[in-house]
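The values are calculated or read from the model by the stated rules, or taken from the named source; none is laboratory data. Quantities reported herein were computed from a predicted structural model and do not represent experimental measurements. Virtual Cβ from ideal backbone geometry, glycine too; neighbours counted across all protein chains shown. Accessible surface areas use protein heavy atoms only, side chains included; no ligands, DNA or RNA. Shrake-Rupley method; radii C 1.70, N 1.55, O 1.52, S 1.80 Å.
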Amino acid sequence: MLRRSNLVPGSSALFEGRKHQRRCDVVFVPELYALRLTLRETKTLQFREREHVIFVTGSKGAPLDLVRLYQDYVAAHPAAPTDPFFMFRGADGVLQPLTFDGLASGVKELVALLGLDPSQYASHSLRRGGASGALASGLAPFFTRFQGDWKSECYLRYYTLGLRDMLRISAAMLSQDCRTNNCLSVCQRSCAKPASVNIETCKRIGREIGGQIGIDACGTTKRFCGGGRSFGGAQRKRVNLQQCQNIAFGTCQNRARDAARLAGGCLFAFNGFQQCNRQQWADFFNPEVDELCANAVAARIPN
């Protein structure tokens with residue numbers, strides 16, 4: 001689901017350890033039976049203000065056990081910790097990095113084996129397919145956005161409704177859940193607004209969306225304090241939220257501030273950062289969180 005530019009270089013000569021995946025960036029975590037991937041510079045992390053860490057879980061005994069495949073791969077292709085993660089042996093038997101062209105060729109060969117038209121697929125199909133698969137599984141969009149390192153909602157355009165999805169829409173509209181407090185978690189906008197909503201549902205939504213928002217707001221405020229953007233706080237649009245939205249909004253604000261301090265690299269920045277003193281930081285960071293939380297809450301909770 002990641003961008004190809006973070007997985008492999010355009011050519012062997014263009015490999016950059018700070019940008020592309022190295023052997024040491026993919027670590028097996030035995031207690032989780034999962035792989036931990038660390039990204040340091042991406043399209044959304046151009047200032048390397050933090051590290052983006054994701055996990056890929058394995059499935060013991062399954063044909064597609066990603067942990068086992070990883071272990072088999074590194075055993076068959078030993079390399080130094082700072083070497084490119086994705087490598088293959090050329091005709092001369094020497095290990096060389098996988099590149100854009102090699103990744104695209106591999107995708108086309110595989111889809112051809114499935115009887116599909118290879119001209120309709122490329123390396124970006126992995127990113128698009130990953131997003132589609134995650135969304136089709138019913139996973140909350142926030143988690144898809146996090147795993148794929150998207151900053152906007154553009155990943156939603158990748159998903160094409162299938163017959164099963166179309167049938168689920170009408171089934172959800174007619175289900176009993178659409179007339180209960182489960183509406184927000186099951187039916188979302190496909191049914192009428194319930195008369196009352198479980199307060200824990202509102203808090204859960206706020207917690208889910210607040211983590212990444214805090215990290216994003218931290219990075220944006222750092223760029224502002226470093227002279228990277230102008231302060232448009234006076235023109236920020238205020239959103240009038242209903243009771244449930246207010247609860248989720250408040251929870252989102254608290255979660256965002258905690259995440260910014262703990263995961264966003266802003267622990268000390270709240271006391272001042274580069275061109276900003278403590279008050280100037282707060283004057284920019286707080287409206288940034290407010291705006292992001294308000295937009296995210298409005299998108300998740302019908303009003």
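Scan the range 60-72 residue by residue and report those that are touching a residue at least 12 places away in the same chain (Cβ under 8 Å), farther than 17 Å from MET1 by Cα and surrounded by 12 or more Cβ atoms within 10 Å (Cβ to Cβ). Selection gives GLN71 alone.
Of the residues making up the range 60-119, those that are of a type in the set (D, E, K, R) and over 15 Å from HIS20 (Cα atoms) are LYS60, ASP65, ARG68, ASP72, ARG89, ASP92, ASP101, LYS108, GLU109, ASP117. Being modelled with pLDDT under 70, of a type outside the set (S, T, N, Q) and either open to solvent by less than 20 Å² (accessible area, probe 1.4 Å) or under 22 Å from the mean Cα position of the chain (by Cα) (or both) narrows it down to one residue among ARG238, ARG223, ARG257, ARG204; which is it? Only one candidate passes the filter, namely ARG204.
Limited to the range 14-57, what total is found for residues that are of a type in the set (D, E, K, R), assigned to a loop (DSSP other than H, G, I, E, B) and at pLDDT 85 or above? Adding up the residues that qualify gives 6.
I'd like the full set of residues that are among the acidic types (Asp, Glu) and either farther than 16 Å from GLY219 by Cα or in contact (Cβ under 8 Å) with a residue 60 or more places away in the chain (or both), limited to the range 33-59.
Of the residues in the range 33-59, the ones among the acidic types (Asp, Glu) are 41, 49, 51.
The one that is among the acidic types (Asp, Glu) and either farther than 16 Å from GLY219 by Cα or in contact (Cβ under 8 Å) with a residue 60 or more places away in the chain (or both): GLU49.
Condition first: under 16 Å from the mean Cα position of the chain (by Cα) and open to solvent by 40 Å² or more (accessible area, probe 1.4 Å). Now tell me which residues in the range 8-39 satisfy that. Passing the criteria: only ARG36.
If you go through the range 109-124 and keep only what is surrounded by fewer than 16 Cβ atoms within 10 Å (Cβ to Cβ) and either under 10 Å from MET1 (Cα atoms) or among the hydrophobic types (A, V, I, L, M, F, W, C) (or both), you end up with LEU110, ALA112, LEU113, LEU114, LEU116, HIS124. Evaluation of ILE301 against the conditions (1) open to solvent by less than 80 Å² (accessible area, probe 1.4 Å); (2) at pLDDT 65 or above; (3) of a type in the set (A, V, I, L, M) shows that the sole unmet condition is (2).
Look at PHE86 and say whether it is under 25 Å from THR57 (Cβ atoms), open to solvent by 50 Å² or more (accessible area, probe 1.4 Å), touching a residue at least 24 places away in the same chain (Cβ under 8 Å) and more than 17 Å from the chain's Cα centre (by Cα). Yes, satisfied. Residues that are among the basic types (Lys, Arg) and open to solvent by 50 Å² or more (accessible area, probe 1.4 Å) were ranked within the range 40-59; the one that is nearest to CYS266 (Cα to Cα) is ARG48.
Cβ separations smaller than 7 Å between residues 6+ apart or across chains give the following pairs from the range 135-149 residues that are without any contact (Cβ under 8 Å) to a residue 40 or more places away in the chain to residues that are open to solvent by 50 Å² or more (accessible area, probe 1.4 Å) and in a loop (DSSP other than H, G, I, E, B): LEU135/TYR159. Against the criterion of being under 19 Å from the mean Cα position of the chain (by Cα), over 19 Å from MET1 (Cα atoms) and charged (D, E, K, R), ARG50 qualifies.
Restricting attention to the range 73-83, the residues that are in a loop (DSSP other than H, G, I, E, B) and open to solvent by 70 Å² or more (accessible area, probe 1.4 Å) total 3. Against the conditions (1) outside any helix (DSSP H, G or I); (2) open to solvent by less than 50 Å² (accessible area, probe 1.4 Å); (3) over 21 Å from VAL26 (Cβ atoms); (4) at pLDDT 90 or above, GLY93 satisfies every one except (4). Could you check, for the range 2-13, whether at least one of its residues is hydrophobic (A, V, I, L, M, F, W, C) and farther than 30 Å from CYS218 by Cβ? Yes, because at least one residue in the range 2-13 is hydrophobic (A, V, I, L, M, F, W, C) and farther than 30 Å from CYS218 by Cβ.
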